[in-house]
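Reviewing the structure listed below.
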Amino acid sequence: MKYWFFSCLWLNQCWDMFGNPAFKRKGVVDDTGAVIVQTAPGKVVTHRGGTITLPCRYHHEPEDVDPKRIRIKWTKVSDAFQFEDVFVALGRQQKAFGSYRGRVSLERAGPGDASVIIHNITLQDYGRYECEVTNDMEDDTGFVNLDLEGVVFPYYPPSGRYKLNYHQAEEVCRQQDAILASHAQLHKAWLEGLDWCNAGWLEDGSVQYPISHPRDQCGHKDSPPGVRNYGYRHKDDERYDAFCFTSNLNGHVYFLKRFKKVNYLEAVKACQRDNAVIAKVGQLYAAWKIQLLDRCEAGWVEDGSIRYPIINPRARCGGPEPGVRNLGFPDKKFRLYGVYCFRRNTYVQSTQSPKETTTKPANSTRSI
């Protein structure tokens, strides 16, 4: 059962509006057979393609409960209070849902362990997870935040600045091998020096932008640095840029060495002849941030823009700061540049996750 904060005194335990167990009162002993869940504070961190354990343990007071009667359920909770079923287990029965099928299993590290292992992490796995353990009519919950190593980048389409509603922003990020960034991801990027003077959508439907060096008409010159927030905007009618987030690559980005420069269509074909594809913007940013790609040569990328990644700024190489330089969207037919290609790794990583089982525990009449 989830208790709200105004029930604290009656229940002898305090919860915030999210049901966070970190707000429970200490030293209170419950002799009714209640289940008590404990999760790790802070967050767990991995990268796209990795494997991570979401830690969750439970015990009972008193300890006299049949393990076959324990139901474990994991749910993903979005900032908009939307709930997505991830995994449920009752005795030997286990079931994963949606995109988590075949990737999630119980850790089974001993009695009282409700932790789950997620294999082949995707960008969409980022977020907050609820671990709920139920014993008949008693239950308790804990929360685990899953973070991904990666990079936030601002994006606007060839049509220009402030052309995207929320749904279009989601789509352009997806097309560039990314997702809309969260506020926490944007704030971390700002702490690392991201400075961008155009407002963009975030995944929660808010519009924000990071300013490290306030200046006239860009965060107000006399205001302190920070992440400016326009609040939640109308997802269909209002238009801004997008802040996208991407993570580790299952492959590598490289500048294709050629004797002559090419137009966009020739660039696409050149990568294909090299057993690769033209790189997406998110892939170029990930290569710059994670693979430390440094190349002072402008080249086509998938969306028709011209970009190049700089780790070590130097003279005649696009300014004093590291970053991915953007030269805009030139004429695809007549302008000639180099090209950045992406070649996927050929090996297939085995998740080694157990097959989903629907074996019914003996003498059980409860539904999973």
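Using a 1.4 Å probe and counting only protein heavy atoms, arrange Phe329, Phe334, Phe143 so the residue with the most accessible area comes first. Don't skip to the end; give the middle numbers.
Working: Phe329 60, Phe334 150, Phe143 20 Å².
Sorted by accessible area, descending: Phe334, Phe329, Phe143.
Report, in cubic angstrom per residue, the convex hull volume of the C-alpha atoms of the range 178-227.
Working: hull volume 3.5 nm³, N = 50.
Considering the Cα atoms of the range 178-227, their hull volume per residue is 69 Å³.
Return the long-range amide H neighbours of Ala279 (sequence gap of 5 or more, or a different chain), with a cut-off of under 5 Å between placed amide H atoms.
Under 5 Å from the amide H of Ala279 lie the amide H atoms of Glu302, Tyr340, Cys341, Phe342, each far enough along the sequence or on another chain.
Filter the trypsin sites (Lys or Arg not before Pro) in the range 184-231 to those in DSSP coil with at most 11 other Cβ atoms within 10 Å of their Cβ, and list the result. Spell out each step's value before the answer.
Values: sites: Lys188, Arg215, Lys221, Arg228; in loops: Lys221.
The qualifying sites are Lys221.
When the Karplus curve 6.51 cos²θ - 1.76 cosθ + 1.60 is applied with θ = phi - 60°, which whole-Hz ³J(HN,Hα) does each residue of the range 187-202 get, with x for Gly and Pro?
Calculated HN-Hα couplings, in order: 5, 5, 4, 5, 4, 8, x, 5, 10, 9, 9, 10, 6, x, 5, 10 Hz.
Counting only the heavy atoms of the protein chains, how much of Asp303 is accessible to a 1.4 Å probe, in Å² to the nearest 10?
20
I need the P(r) histogram for the range 200-291: all alpha carbon pairs, bin width 5 Å from 0 out to the longest distance, whole percents.
Bins of 5 Å from zero give 3, 11, 15, 12, 13, 13, 11, 11, 8, 3, 0 percent of pairs.
Which three semi-axes in whole Å describe the equivalent ellipsoid of the range 85-192, each the square root of 5 times a Cα gyration tensor eigenvalue, listed largest first? Spell out each step's value before the answer.
Values: eigenvalues 256, 45, 33 Å².
In descending order, the three semi-axes are 36, 15, 13 Å.
Within the range 253-300, which chymotrypsin sites (Phe, Trp or Tyr not before Pro) sit in a loop by DSSP and count at most 16 neighbouring Cβ atoms inside 10 Å?
Values: sites: Tyr254, Phe255, Phe259, Tyr264, Tyr285, Trp288, Trp300; in loops: Phe259.
Passing sites in the range 253-300 are Phe259.
P(r) for the range 198-353: what percent of alpha-carbon pairs falls in each 10 Å bin, starting at zero?
10, 29, 32, 21, 7, 0
Using modelled backbone amide H atoms (1.01 Å from N, in-plane), which distant-in-sequence or interchain residues come within less than 5 Å of Gly251's amide H?
Residues meeting the criterion, in which the H sits 1.01 Å from N, are Asn345.
Counting other Cβ atoms within 10 Å, which GluC sites (Glu not before Pro) in the range 68-152 have at most 15 and lie in a DSSP loop?
Numbers: sites: Glu84, Glu107, Glu130, Glu132, Glu138, Glu149; in loops: Glu107, Glu149.
Of the GluC sites (Glu not before Pro), the ones in loops of the range 68-152 whose Cβ has at most 15 other Cβ atoms within 10 Å are Glu107, Glu149.
The values are calculated or read from the model by the stated rules, or taken from the named source; none is laboratory data. Every value quoted in this text rests on a predicted model; they were computed, and no experiment measured them. All Cβ positions, even for glycine, are placed from backbone atoms using ideal geometry, and neighbour counts span all protein chains on display. For the accessible areas, the whole protein counts, side chains as well, though only heavy atoms, and no ligand, DNA or RNA atoms are used. Shrake-Rupley method; radii C 1.70, N 1.55, O 1.52, S 1.80 Å.
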